[in-house]
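The values are calculated or read from the model by the stated rules, or taken from the named source; none is laboratory data. Not measured: the values here are computed from a predicted model. Backbone-built Cβ (ideal geometry, glycine too); neighbour counts: all protein chains shown.
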Amino acid sequence: MRPGSEPSLLADLPRLALLGVGAFLILAPYLWMLLASLKPGSEIFRDSLTLWPERFYAIENYGKALAEVPLLRFLFNGALVCALILFFQILFAAPAAYALAKLRWRGRDLLFGLVMLGLLIPYHVPALPLYVGFARIGLLDSFAALVIPFSISVFGIFLFRQAFKSLPDELIHAARMDGMSEMSIVWRVVMPNAWPAATAFATFSIVAHWNDLFWPLIVVQSHAMATPALGVLFFRAEEAGNDVGALMAAAVMVTAPMIILFLLAQRRFIQGIATAGLKG
Amino acid sequence: MPRDTGRAILIEGVEKSFGKTSVLKDVSLALREGEFLSLVGPSGCGKTTLLRIIAGLESADAGRVRIGGIDVTGLRAADRDIAMVFQNYALYPHLTVSQNLAVPLVMRRLSALERVPLLRHLIPGHKGRCAAIDAEVRGAAEMLRLGHLLARRPAELSGGQRQRVALGRALVRHPSAFLMDEPLSNLDAELRAGTRREIVELHRRAGVTTIYVTHDQVEAMTMSDRVAVIMEGELLQLGTPREVYENPVDLRVAGFLGSPRINILPAVATPEGIRLGGSLLPMRAPLPAGARLSVGLRPEALHLARDGLAAVVEHQEFLGAEVLIHARLDAVEARVTAKLGIAAAEPLRLGDAIHLRADWRDVLLFGEHGQRILAIPAETSLDA
Amino acid sequence: MRDAAVIRVPTRASRAIGEAAAAWVLCAPAAISLFLLLLGPTAALLLLSFTDWELGAPDLAWIGLGNYEELTTDPVFRIALRNTISYVGVVMPLSIGLGLAVALLIEGGVRLRATFRAIYFLPVVSLLVAMATAWQYLLHPTIGPVNRLLAMVGVAPINWLGSSDWVMTSLCMIGVWENLGFVVVLFMAGLTAIPKELYAAAELDGARSALDRFRLVTWPLLGPTTLFVVTITAIRCLRVFDTVQALTRGGPNNASQVLLYAMYQEGFSYFRIGYSAAITVVFLAIVLLLMLIQTRILDRRVHYA
C-alpha cells in the first residue's frame, strides 16, 4: 500500500465483504423475525425460501399479539420499572460516588473496598434470600419487588466515582465558598459536569433491566406485573408456538424499544462500556 | 563544502493538501550530505507534514523525494533507509530498553521465520546474528549513556532517558538520514538545553544527514548548519542561521526569528529618503515616491541618541545583563522595543522622552507584500 | 471603629469531623442498600447453604456440608457444572477470537465503521428471550431455514435443539452470536487507544507486513483490554440462563442443564432453598476464582505503565 493513502473502494472490498458476511449472520434472526411478523402462518414455513411476504399480514399479527396478552401493559411495566430503577440508582449512587471521590474521611477506603467487593457478586447470588425476604413481607409480585433490589448499583458508584475524580477540585472549592451544602454540590455542580458518564450509565442500566429475565421470572406471578422479557414467555405459553407470526410480532414489539434507544444513543452506550473496560 | 550527493536528500516541488486546505505549496530544497538542517516555523505551517512525506509516512500530492540519489517517492517508509525520532518518543512500552534498541535490527536482519519464538533456534546462523545485534545495541547504548538502563522498561525511565532511547533506536541502524520531529518539546527547559548539546554532538560524531523539525527558533538557530523557514506551507528562506537572521528575505521570516521580536514600523518612500513618521531615514529605496513600506529594526540595533525617533518610555524589563525598554513612538501609532545595556538604561524612568537611532545598515526594508527591499544610502544617487 | 465581621475559621479537627459527617450522610442510602440488598443477602445465602431448609417447611436444620456432599453425587448438578464450564470453554475463545478479528477488520479501514459496529452490537442490547425465540424457529428441525439451506448442500437435517447431541452446540452458537458484539466494541476501544505514532515507529523500524505490526504493536498494547475482555466474557458465559429457559428448559433430559438453571430449578421449582443456595455458592466461587486469576496472576504482566 502506498504510504499514507486511503484505500480505494476496490482495495477495500475484501474487508467490507468479510464484514458483510458476518453482519448478515448477526442480522439473520432479526430479519427473519421481522419478516415472519409480516407474513401469515401459512407462508412462514413454506417450502420455498421466499423473503418478502406475499400477503401482507402485519395488521393481523400485530393485532393478535396485542390482544392475546396485555402486551402494552408489559411495555408499560418495563418502562416504569426501568425508569424507577434508574431513578433510585442515580439517587443513591451519585452522592456516595462523590463522597468516595472528593471527600476525605475515615472509612472511605473501607466503603470503597466493600463497593469493589459488591462488583464481584453477580446479582443472581443474593436473589434467593431476597426472594424469601420479599415473600415474608408479602411484597412479591409488585413493583417494589421488581425495583428495590436493583436500587443499589455498585457499577454506578464505580463509574460515577471515576468520572467525579477527574473533575478539578477547584470547582468544588468554589461551590463551597459560595455556601453550597455538600448535597447540593452533588446535584448542582458535580453531576451536570459528569453528564457523559451519567448518560452512559443510564443507557447501560435501562437496557440491562429491560432485558432482564431472571429476577422478574422469580418474583412475578401475575400477567399484570410482567415485564417485557416475561411477556414473551407468557405469550409463548398462550400460543404454544402455533401462531408464529403473532409470536414474532410480539417479539418485535418488545425488542424494538431497546434497539431504537441504542441506535439513538450509540456513542453514549459504547462509551460506558469502553470506559469500564479500559480502566478495568 | 564539496557537494557529495552520495547520501544527500533532495526534495522537489512537493505539494500536499488535506481536503480543501493546502498544507504544502511547491516546496523544494536540497540538503548536503552530513548536514544538520532545521525545518522551523510556527505550529501548523506544514513542517511536520513535510517531514512525514520525506519519511514516507504520508504521500505528497505532487513532487518527488530523493534520498542518496534514489527516487524514493513511491517507496514505503520501511524501505527508505531513514530513521525517525518522534515527539513522544514512540517507544514500545512492553519491551526493555535493549529490546527497543534492537527492534530495527531484528526486523531487518532476522527473517520472519526467525522471529517466531521457538522456531528461531533451529535456523542456522541465528546465534551469530543475534550476537552481532547485541553488540550493536550495546554500542549504541554506550554512546548514549544508557548502559545501566538496558533492562528497564520505558515506563521506568525519565523523560530525558526515554529521549535517548529514541535516539539510540534511530542510531543503531546507521541510516542515510535522521528525521527528528520536535524531540525536545516534551522536556523541561533545563533538560532541553542539555539535550540540545547532546544531539548536536551526536550529529558531529555520527555525521549523518539530519532534518530537525521545531517551532522553537532558538533550537533551530543554535543547532543547525542551515535553517529552512517554513510558513503557511511555503519555504520562505533557506540559509545559515546567520544569513536568515541578518538577511531575511521576507517580513515573516524577520518577524519569526529573533527574540525579542523585531520592531516593524510603517513608512513611506520619498525622493529624499524614507519617511518614518516625523523622521527621515538617511536611505532610499528603489520604489516610486509615495510607496508604502515597512521598516524593520531589531531591538539590539536601537540605541539612545540625542536625536532620531522620538519616543516615550512605557515599560522596562530587567533581564540581568540587559534591559528591554518598551517605548511608544511620538510620530506613528506604534511601540518599539529596544535592548540596551545596563549603564545606558540606568537613568531612564517611566514617562521619559527619549530618542532612538540605528545604524542604517541594520535597517531592514520590506515592501507592501512583505518582500525584502535592499536600501541605498541617501548620499548615493539612485541611478549610479 | 469599624464593625469587624467575625469570620470563624474552623479548626482542622472540626473541619475533618464536618467532612466525615457530610460523607456519611451522602453515603447512607447507598451504604444501607449495599448491606441490605447485596452483602447481607450474600452472607445469608452462605449460611443457608449449610442448612436443609425448604420453602414452606416449619423449621430448618444445620447440616454443615451436607448439601455440598450431595452436589458431588448429584448427576444433574454434575452435568450442569460440566455443561457450564464447556460452554465457557467454547463460547469465550470463539467470541474473543472472532471478535478481535472483526474489530481489526472494522478498524482497518474508514468506510462504514459506525454501521458495522452498530450491527455487531445489536445482540447485546436485544431482549435475549425474544431473539432466542426467533432462533428457535430458525433452527427448527424440519421447517427451519437453517436446515433447509443445509439440505440444499446435501446435509441431513439436524435436530438442533431437540437432540442431546446437538443441544449444547446450538446453545454455544447462540452464545457466540450473543457475545460477539460486546467483544468487538471493547476491542475497538482498545485499538483506538493505541497511539498511532507507534505504528509509524514500527513502519520505520522495518515492520512491513500486517502480521509484523500486529505482533510488534497491536497485540502487546491490547494486553489490558484482552484481559478485561476475557474476564467479562467468561463471567457473561457463566451466567447463561435466558436461552436455556426460553429454548430447552435444561432438556432434553438435562442435556442442556447449566449452573444457573439448576439453581433456579432447585430453588423455585422444587423449593429446596438450602440446596439451591449451595449451587449458588459454587457459582459465586467460580466467579471469584476468575477475578482472582485476573487480578493476581495476569494483571501485572499486562500493564506496562
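Got a sec? Which of C:LEU260, C:LEU288 is within 30 Å of C:TRP219 (Cα to Cα) and at pLDDT 90 or above? Talk me through it step by step, then tell me what you get.
Working: C:LEU260 fails: within 30 Å of C:TRP219 (Cα to Cα).
The conditions single out C:LEU288.
Only one of (1) surrounded by 18 or more Cβ atoms within 10 Å (Cβ to Cβ); (2) assigned to a helix (DSSP H, G or I) is not met by A:LEU72, so which one is it?
Unmet for A:LEU72, out of (1) surrounded by 18 or more Cβ atoms within 10 Å (Cβ to Cβ); (2) assigned to a helix (DSSP H, G or I): (1).
Would it be correct to say that A:ALA97 is at the interface with chain C (Cβ under 7 Å from one of its Cβ atoms), of a type in the set (Gly, Ala, Ser) and buried (at least 22 other Cβ atoms within 10 Å of the Cβ)?
Numbers: at the interface with chain C (Cβ under 7 Å from one of its Cβ atoms): no; of a type in the set (Gly, Ala, Ser): yes; buried (at least 22 other Cβ atoms within 10 Å of the Cβ): yes.
So A:ALA97 fails the test.
Here is a check on your reading of the model: is C:LEU238 closer than 30 Å to B:ARG108 by Cα and crowded, with 17+ Cβ neighbours inside 10 Å? Don't jump to the end; show me each part of the working.
On the way: closer than 30 Å to B:ARG108 by Cα: no; crowded, with 17+ Cβ neighbours inside 10 Å: yes.
So C:LEU238 does not fit the description; no.
Of all residues in the range A:133-158 being surrounded by fewer than 18 Cβ atoms within 10 Å (Cβ to Cβ) and without any contact (Cβ under 8 Å) to a residue 12 or more places away in the chain, which is nearest to the other protein chains (Cβ to nearest Cβ)?
A:ALA135
Across the range B:193-251, what is the number of residues that are of a type in the set (Gly, Ala, Ser) and within 19 Å of B:ALA83 (Cβ to Cβ)?
Applying the first criterion (of a type in the set (Gly, Ala, Ser)) to the range B:193-251 yields B:193-194, B:206-207, B:220, B:224, B:228, B:233, B:239.
With the extra rule that they be within 19 Å of B:ALA83 (Cβ to Cβ), the set shrinks to B:206-207, B:224.
Total meeting the criteria: 3.
Is there a residue in the range B:275-290 that is touching a residue at least 12 places away in the same chain (Cβ under 8 Å), within 29 Å of the chain's Cα centre (by Cα) and not assigned by TED's automatic domain parsing to the domain that holds B:LEU29?
Taking the range B:275-290 and keeping what is touching a residue at least 12 places away in the same chain (Cβ under 8 Å), we get B:276-279, B:281-290.
From what's left, within 29 Å of the chain's Cα centre (by Cα): none.
No, the range B:275-290 contains no residue that is touching a residue at least 12 places away in the same chain (Cβ under 8 Å), within 29 Å of the chain's Cα centre (by Cα) and not assigned by TED's automatic domain parsing to the domain that holds B:LEU29.
Just to be sure before I move on: is A:GLY107 at the interface with another protein chain (Cβ under 10 Å from one of its Cβ atoms), among the small types (Gly, Ala, Ser) and at positive phi in the structure I sent? Steps first, please.
Details: at the interface with another protein chain (Cβ under 10 Å from one of its Cβ atoms): yes; among the small types (Gly, Ala, Ser): yes; at positive phi: yes.
So A:GLY107 passes the test.
Under the condition of being in contact with a helix residue (DSSP H, G or I) (Cβ under 8 Å, 6 or more places away or on another chain) and modelled with pLDDT of 90 or more, which residue from the range B:204-214 is farthest from B:LEU24 (Cα to Cα)?
So the first thing to find is which residues in the range B:204-214 are in contact with a helix residue (DSSP H, G or I) (Cβ under 8 Å, 6 or more places away or on another chain), and the list is B:205-206, B:210-214.
From what's left, modelled with pLDDT of 90 or more: B:210-214.
Values: B:THR210: 21, B:ILE211: 17, B:TYR212: 17, B:VAL213: 15, B:THR214: 16 Å.
In this case the residue turns out to be B:THR210.
Take A:THR255 and tell me if it is at negative phi, assigned to a helix (DSSP H, G or I) and either aromatic (Phe, Trp, Tyr) or modelled with pLDDT under 90 (or both). Let's see the steps before the verdict.
Numbers: at negative phi: yes; assigned to a helix (DSSP H, G or I): yes; either aromatic (Phe, Trp, Tyr) or modelled with pLDDT under 90 (or both): no.
Considered against the rule, which asks whether it is at negative phi, assigned to a helix (DSSP H, G or I) and either aromatic (Phe, Trp, Tyr) or modelled with pLDDT under 90 (or both), A:THR255 comes out as no.
Looking at C:LEU290, C:LEU284, C:LEU260, can you tell me which residue is over 24 Å from C:GLU54 (Cβ atoms) and either under 21 Å from the mean Cα position of the chain (by Cα) or touching a residue at least 60 places away in the same chain (Cβ under 8 Å) (or both)?
Numbers: C:LEU284 fails: over 24 Å from C:GLU54 (Cβ atoms); C:LEU260 fails: over 24 Å from C:GLU54 (Cβ atoms).
C:LEU290 is the lone residue from the list that is over 24 Å from C:GLU54 (Cβ atoms) and either under 21 Å from the mean Cα position of the chain (by Cα) or touching a residue at least 60 places away in the same chain (Cβ under 8 Å) (or both).
Among B:LEU309, B:LEU348, which is surrounded by fewer than 19 Cβ atoms within 10 Å (Cβ to Cβ) and not hydroxyl-bearing (Ser, Thr, Tyr)? Full working, then the answer.
Numbers: B:LEU309 fails: surrounded by fewer than 19 Cβ atoms within 10 Å (Cβ to Cβ).
The conditions single out B:LEU348.
For the range B:330-340, which residues satisfy the criterion of being over 28 Å from the mean Cα position of the chain (by Cα) and either exposed (fewer than 12 other Cβ atoms within 10 Å of the Cβ) or among the aliphatic types (A, V, I, L, M) (or both)?
Matches in the range B:330-340: B:ALA331, B:VAL332, B:GLU333, B:ALA334.
Could you check C:SER170 against (1) in a helix (DSSP H, G or I); (2) within 9 Å of another protein chain (Cβ to nearest Cβ); (3) within 26 Å of A:ALA246 (Cα to Cα) and say which number it fails?
(2)
Would you check if B:THR73 is outside any helix (DSSP H, G or I), β-branched (Val, Ile, Thr) and either within 11 Å of chain A (Cβ to nearest Cβ) or crowded, with 17+ Cβ neighbours inside 10 Å (or both)? Let's see the steps before the verdict.
Working: outside any helix (DSSP H, G or I): yes; β-branched (Val, Ile, Thr): yes; either within 11 Å of chain A (Cβ to nearest Cβ) or crowded, with 17+ Cβ neighbours inside 10 Å (or both): yes.
Yes: the conditions hold for B:THR73.
Rundown of residues vs (1) within 21 Å of A:ALA135 (Cβ to Cβ); (2) over 22 Å from the mean Cα position of the chain (by Cα); (3) in contact (Cβ under 8 Å) with a residue 60 or more places away in the chain; (4) more than 11 Å from every other protein chain (Cβ to nearest Cβ), yes/no style:
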position: A:LEU213; (1), (2), (3), (4): yes, no, no, no
position: A:VAL219; (1), (2), (3), (4): yes, no, yes, no
position: A:ALA224; (1), (2), (3), (4): yes, no, yes, yes
position: A:LEU230; (1), (2), (3), (4): yes, no, yes, no
position: A:PHE235; (1), (2), (3), (4): no, no, yes, no
position: A:ASP243; (1), (2), (3), (4): no, yes, yes, yes
position: A:ALA246; (1), (2), (3), (4): no, yes, yes, yes
position: A:ALA250; (1), (2), (3), (4): no, no, yes, no
position: A:ALA256; (1), (2), (3), (4): no, no, no, no
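Restricted to the range C:121-167, and to residues that are polar (S, T, N, Q) and more than 7 Å from chain A (Cβ to nearest Cβ), which residue is surrounded by the most Cβ atoms within 10 Å (Cβ to Cβ)? Please lay out each step first, then the result.
Of the range C:121-167, the ones polar (S, T, N, Q) are C:126, C:133, C:136, C:142, C:147, C:159, C:163-164.
From what's left, more than 7 Å from chain A (Cβ to nearest Cβ): C:136, C:142, C:147, C:159, C:163-164.
On the way: C:GLN136: 23, C:THR142: 9, C:ASN147: 20, C:ASN159: 17, C:SER163: 14, C:SER164: 14.
The residue in question is C:GLN136.
Of everything in the range B:76-114 that's over 29 Å from the mean Cα position of the chain (by Cα) and assigned to a loop (DSSP other than H, G, I, E, B), which residue is nearest to B:LEU149 (Cα to Cα)?
Within the range B:76-114, the match that is nearest to B:LEU149 (Cα to Cα) is B:THR96.
Determine which member of the set B:ALA155, B:ALA90 is at positive phi and within 13 Å of another protein chain (Cβ to nearest Cβ).
B:ALA90
Among the residues of the range C:209-251, count how many are more than 30 Å from C:ALA262 (Cβ to Cβ) and polar (S, T, N, Q). Break it down into steps so the answer makes sense when it comes.
Step one: of the range C:209-251, the residues more than 30 Å from C:ALA262 (Cβ to Cβ) are C:209-226.
Subsequent filtering for residues that are polar (S, T, N, Q) retains C:209, C:218, C:225-226.
The total comes to 4.
Considering only residues that are buried (at least 21 other Cβ atoms within 10 Å of the Cβ) and away from every other protein chain (no Cβ under 11 Å), look in the range C:255-275 and name the one that is farthest from C:ALA130 (Cα to Cα).
This residue is C:ALA262.
Out of curiosity, is C:LEU105 crowded, with 17+ Cβ neighbours inside 10 Å, within 14 Å of chain B (Cβ to nearest Cβ) and not small (Gly, Ala, Ser)?
Working: crowded, with 17+ Cβ neighbours inside 10 Å: yes; within 14 Å of chain B (Cβ to nearest Cβ): no; not small (Gly, Ala, Ser): yes.
Considered against the rule, which asks whether it is crowded, with 17+ Cβ neighbours inside 10 Å, within 14 Å of chain B (Cβ to nearest Cβ) and not small (Gly, Ala, Ser), C:LEU105 comes out as no.
If you check every pair at least six apart or on different chains, which have Cβ atoms under 6 Å apart with a residue in the range B:67-87 that is farther than 23 Å from B:ILE199 by Cα first and a residue that is crowded, with 20+ Cβ neighbours inside 10 Å and of a type in the set (Val, Ile, Thr) second?
B:VAL72/B:VAL65; B:THR73/B:VAL65
Just to be sure I understand the filter: pairs with C-beta atoms under 6 Å, separated by 6 or more residues or on different chains, first member in the range C:103-116 and touching a residue at least 40 places away in the same chain (Cβ under 8 Å), second member assigned to a helix (DSSP H, G or I) and of a type in the set (D, E, K, R). Which pairs pass?
Matching pairs, first to second residue: C:ILE106/C:ARG113.
Within the range B:261-274, work out how many residues are surrounded by 15 or more Cβ atoms within 10 Å (Cβ to Cβ) and either among the basic types (Lys, Arg) or part of a loop (DSSP other than H, G, I, E, B) (or both).
3
Would a scan of the range C:86-100 turn up a residue that is on the phi < 0 side of the Ramachandran plot, facing chain A (nearest Cβ under 10 Å), in contact with a Gly (Cβ under 9 Å, 6 or more places away or on another chain) and assigned to a helix (DSSP H, G or I)? Break it down stepwise before answering.
Filtering the range C:86-100 down to residues on the phi < 0 side of the Ramachandran plot leaves C:86-100.
So of that shortlist, the ones also facing chain A (nearest Cβ under 10 Å) come out as C:98.
Narrowing the set further to residues that are in contact with a Gly (Cβ under 9 Å, 6 or more places away or on another chain) leaves C:98.
The next check asks that each one be assigned to a helix (DSSP H, G or I); those that pass are C:98.
The answer is yes, given that some residue of the range C:86-100 is on the phi < 0 side of the Ramachandran plot, facing chain A (nearest Cβ under 10 Å), in contact with a Gly (Cβ under 9 Å, 6 or more places away or on another chain) and assigned to a helix (DSSP H, G or I).
Assuming A:SER184 fulfils every condition listed in (1) under 25 Å from A:GLY78 (Cβ atoms); (2) of a type in the set (Ser, Thr, Tyr); (3) surrounded by fewer than 19 Cβ atoms within 10 Å (Cβ to Cβ) apart from one, which condition is it?
(1)
Residues are listed down the side, and each one gets a yes or a no for (1) more than 30 Å from B:SER17 (Cβ to Cβ); (2) within 11 Å of the chain's Cα centre (by Cα); (3) β-branched (Val, Ile, Thr):
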{"site": "B:ARG169", "(1), (2), (3)": "yes, no, no"}
{"site": "B:SER176", "(1), (2), (3)": "no, no, no"}
{"site": "B:GLU182", "(1), (2), (3)": "no, yes, no"}
{"site": "B:ASN186", "(1), (2), (3)": "no, no, no"}
{"site": "B:GLU190", "(1), (2), (3)": "yes, no, no"}
{"site": "B:ILE230", "(1), (2), (3)": "no, yes, yes"}
{"site": "B:GLN237", "(1), (2), (3)": "no, no, no"}
